[in-house]
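What follows draws every value from the coordinates through simple rules; no lab data is involved. As the structure is a prediction and not an experimental result, all values here were calculated from the model. Please note: Cβ atoms are built from the backbone with ideal geometry, for glycine as well, and neighbour counts cover all protein chains shown.
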Amino acid sequence: MLDDEKNVVLEDELKFDKKDIGSDELKFDDKMMDCKHCICDLLSKLVEEQTEHQRKFNRTCSLQNVRKKPFHSIIPFLLQTPYGHPFFTWGKVGSEDCFATVFFKVIKVDCKENCAVLQLLEPNVSIIDHEVNCVEPAMICDVDFVIPTNEKVLVDLRCYSAIKLISPDFVKKPG
């Protein structure tokens with residue numbers, strides 16, 4: 001494995017090894033801890049990182065490595081409210097394929113307005129407890145992978161106090 005595939009580096013402020021994504025070993029510098037818009041700043045860095053991965057992939061793309069190349073243009077994450085609850089929303093509303101998700105990819109960020117456009121990532125299993133008809137946080141752990149969708153949601157980032165990054169390997173190509 002090449003070093004640039006093994007390591008994901010978000011500027012100089014946030015660095016983590018691919019194996020650490022989703023762990024508690026992320027390293028933040030003091031500037032991010034003082035920031036009033038830390039989640040917005042981190043999401044901006046994720047947009048840059050995803051764009052850089054896509055640019056590198058497009059330069060080295062061949063039919064042979066398309067099947068082998070992990071789908072790293074998406075760095076999935078979860079948002080958490082100040083009360084410790086995961087943010088969730090609905091996808092494919094009005095269809096038999098309606099789903100709830102807590103998994104997202106950042107598409108666009110506006111730190112001046114402290115908002116972001118997020119792409120919904122559909123979990124491979126339902127996270128709805130059908131006995132009480134609501135998202136069950138314990139069922140999130142049963143998800144093995146997510147699939148990108150074409151659906152998006154606009155969120156006010158002031159409503160969230162934490163973000164949890166997940167390994168890009170958690171995302172599978174649709175189809």
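Order these peptides, 91-98, 153-160, by their mean beta-carbon neighbour count within 10 angstrom, highest first.
Details: 91-98: 10.6, 153-160: 15.2.
Per-residue mean Cβ counts within 10 Å order the peptides as 153-160, 91-98.
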For this session: Taking the Cα centre of the stretch 68-175 as origin, work out the dipole magnitude from +1 charges on Lys and Arg Cβ and -1 charges on Asp and Glu Cβ, in debye rounded to 20.
Result: 660 debye
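Provide the gained length on full extension for the span K92 to I107, in nm with one decimal, where the gain is 0.36 nm per separating residue minus the Cα-Cα distance.
Values: separation 15, 0.36 × 15 = 5.40 nm, distance 1.86 nm.
The K92-I107 span can extend by a further 3.5 nm.
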Exercise. Short version: ³J(HN,Hα) in whole Hz for each residue of the stretch 92-99, in order, from phi by Karplus 6.51 cos²θ - 1.76 cosθ + 1.60 (θ = phi - 60°), x for Gly and Pro, what are they?
Worked result: 6, 4, x, 10, 5, 8, 4, 9
Problem set entry | Over 25 Å (Cα to Cα) - which of K45/K112; K112/K172; K112/K173; K92/K172 fall in this group | K112/K172; K112/K173
For this session: Mind ranking 82-90, 116-124 by how tightly packed they are, going by the mean number of other C-beta atoms within 10 angstrom, highest first?
Result: 116-124, 82-90
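What does the convex hull of the Cα atoms come to per residue for the stretch 70-155, in Å³? Walk me through the numbers before you get to the answer.
Numbers: hull volume 10.0 nm³, N = 86.
Taking the convex hull of the Cα positions in the stretch 70-155, it is 116 Å³ per residue.
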